[in-house]
Amino acid sequence: MSMPVRIDDQLYEQAKAASKGECRTIAGQLEFWAKVGKAALDNPDLPIEFVRELLIARAEDRKHLTQFKPRQFRA
């Protein structure tokens, strides 16, 4: 469900600029920032960049993942 929300003009313009570089809509960019901020507040011990990358990874299509195969060491 979407709801109209009033935001600061400057924040809107920043989201507009960032959304182009990250291939999101302006609303999608604001939603992503809100999710990153919430996750960061919920996990203050984690670096913000880790939180950001984790949210991006969780949103990726699982069809494109490759299975992890540990290297085998020779003794």
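Values for this structure:
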{"item": "Some residue of the stretch 46-55 being modelled with pLDDT of 90 or more and in contact with a Leu (Cβ under 6 Å, 6 or more places away or on another chain)", "result": "no"}
{"item": "Inter-residue pairs, beta-carbon under 8 Å, first over 19 Å from Glu49 (Cα atoms) and in the stretch 14-33, second surrounded by 15 or more Cβ atoms within 10 Å (Cβ to Cβ) and at pLDDT 90 or above, 6+ apart", "result": "Lys16/Ile26; Lys16/Gln29; Thr25/Ser19; Ile26/Ala15; Ile26/Ser19"}
{"item": "Enumeration of residues in the stretch 13-47 that are of a type outside the set (Val, Ile, Thr), within 20 Å of Met1 (Cα to Cα) and in contact with a helix residue (DSSP H, G or I) (Cβ under 8 Å, 6 or more places away or on another chain)", "result": "Arg24, Gly28, Gln29, Leu30, Phe32, Trp33, Lys35"}
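The values are calculated or read from the model by the stated rules, or taken from the named source; none is laboratory data. Because the structure is predicted, anything quoted here is derived from the model rather than measured. Methodologically, a virtual Cβ is constructed for each residue, glycine included, from the backbone with ideal geometry; neighbour enumeration extends over all protein chains shown.
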